[in-house]
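The next block holds one structure in the form of structure tokens; read it before the comments.
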């Protein structure tokens, strides 16, 4: 396959959002006027070729760009992969640290955070509407309010919405200062090499001699570090990449959604319909046959699980079960407020009880409280009840492999639900699936991002107490699970999902 054909293959997998990301990352390499005129990823590739930044023998920049925007699955077209690029960029990069830092901020800014930042920055109305954070950053740079060494305006705005994002800016400043210092030392070292007399032949004050010695030691350490990095790269290229679950059978698999809203002895779970809708759209988009069952008692849940465990999954890649209900420690509730242990739910699909799913990934996403330690307020409610007698139910991941259980919260704690938008956990799960599956990310990486997003949410009770939530995935996977990229971009079911 010639190089241009490979570029066309890459371009066909990229979205318009990817194009805007790539253009932003190239702002230091290509004139902004030319970038603004570009309307397709292929046009961007042509512009990089014109600027001698991309050709058959020089495609490191494109690989770096694809890595940064998370399109790791496309690196194979350039003869590399995510792990190789990870190590390569430790010793050589073209995109500036500054622009990478800004892009990381963009990737982690929520729509609500963006609204707050726009308000704080007092950006003119015509620049506000329907703007992405990348466009806001471009506006700040264009108006000389933001640059590599001018970050105070951005820091002030970000500090109001996210300590984590502010930390990214601070980390960048620290690393940049360190690199400037190292560059200064290197220049001094080169200057010393050009002097007519050797260091040993000159009389220098003891204090200066110590400085010279420090510079020499620093250079030696840098050489040693580069050598070690090269050795690590050589070892990495010989390392076998993680094996992946097969996802190329005739059908992707069943996705069962059990959605309980009304209960005999506890409050209704208002807002759960938003979760059910979002899950249905996302897993249908991922190619699964989605079936939703509403308002099931404990016995009906057991009957439903039996039904799906008896189905023939021979021609299917995997199985997904999502349960939206009230819960107790290590258990969920039916509409009759009776419990069913999570371990029992999983056991229905063990190799012994469902032979056609043996060796295939089985995913269970449980949106339910696991205790009563916290308490919500206003429109934030808890998916737990206190009217049912507390029962201790042991939960263990079965000894059988290939199971993943995604819990909305850790044992003993509440799980929060917005009555208008749905639960924190399910909304974060769906949003990250739609963003990260097209980039070739595996399910565990996606759930790590879900953990981060949910853990950063908070609700103020009486203007004082921060109510928090921490999801908890557990798994016995033996391989990586990567859902194939759907042929079409995901279309959100409604405005509440951003």
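None of the figures in this text is laboratory data; all of them are computed from the coordinates on show. This structure is a prediction, so every number in the text was calculated from the model and none was measured. All Cβ positions, glycine included, derive from the backbone under ideal geometry; neighbour counts span all protein chains shown.
Full extension from residue 87 to residue 2: what is 0.36 nm times the residue separation minus their Cα-Cα distance, to one decimal in nm?
27.9 nm
Approximating the spin labels as points 7 Å out from Cα along Cα→Cβ, the residue 353-to-residue 470 distance works out to 3.0 nm.
Estimated from the Cβ-Cβ distance and a Förster radius of 41 angstrom, the FRET efficiency linking residue 155 and residue 273 is about 0.50.
Here each label is just a point 7 Å from Cα along the line to Cβ, and for residue 312 and residue 344 those points are 3.1 nm apart. Compared with the direct C-alpha span, the chain from residue 112 to residue 444 gains 116.9 nm at full extension, assuming 0.36 nm per residue.
Please sort 304-313, 279-288 by packing, taking for each peptide the average over its residues of neighbouring beta carbons within 10 angstrom, highest first.
Working: 304-313: 15.9, 279-288: 20.8.
Per-residue Cβ counts within 10 Å, averaged per peptide and sorted highest first, yield 279-288, 304-313.
At an R0 of 51 angstrom, the distance between the Cβ atoms of residue 143 and residue 249 translates into a FRET efficiency of 0.40.
Can you compute the FRET efficiency between residue 32 and residue 300 using 1/(1 + (r/R0)^6), with r the Cβ-Cβ distance and R0 = 56 Å? Round to the nearest 0.05.
Working: r = 60 Å, r/R0 = 1.08.
Calculated value: 0.40.
Each label was represented as a point 7 Å from its Cα along the Cα-to-Cβ direction; for residue 289 and residue 9 these points are 3.3 nm apart.
Which order do the peptides 446-455, 357-366 take when ranked by the mean count of other beta-carbon atoms within 10 Å per residue, highest first?
Descending packing order for the listed peptides: 357-366, 446-455.
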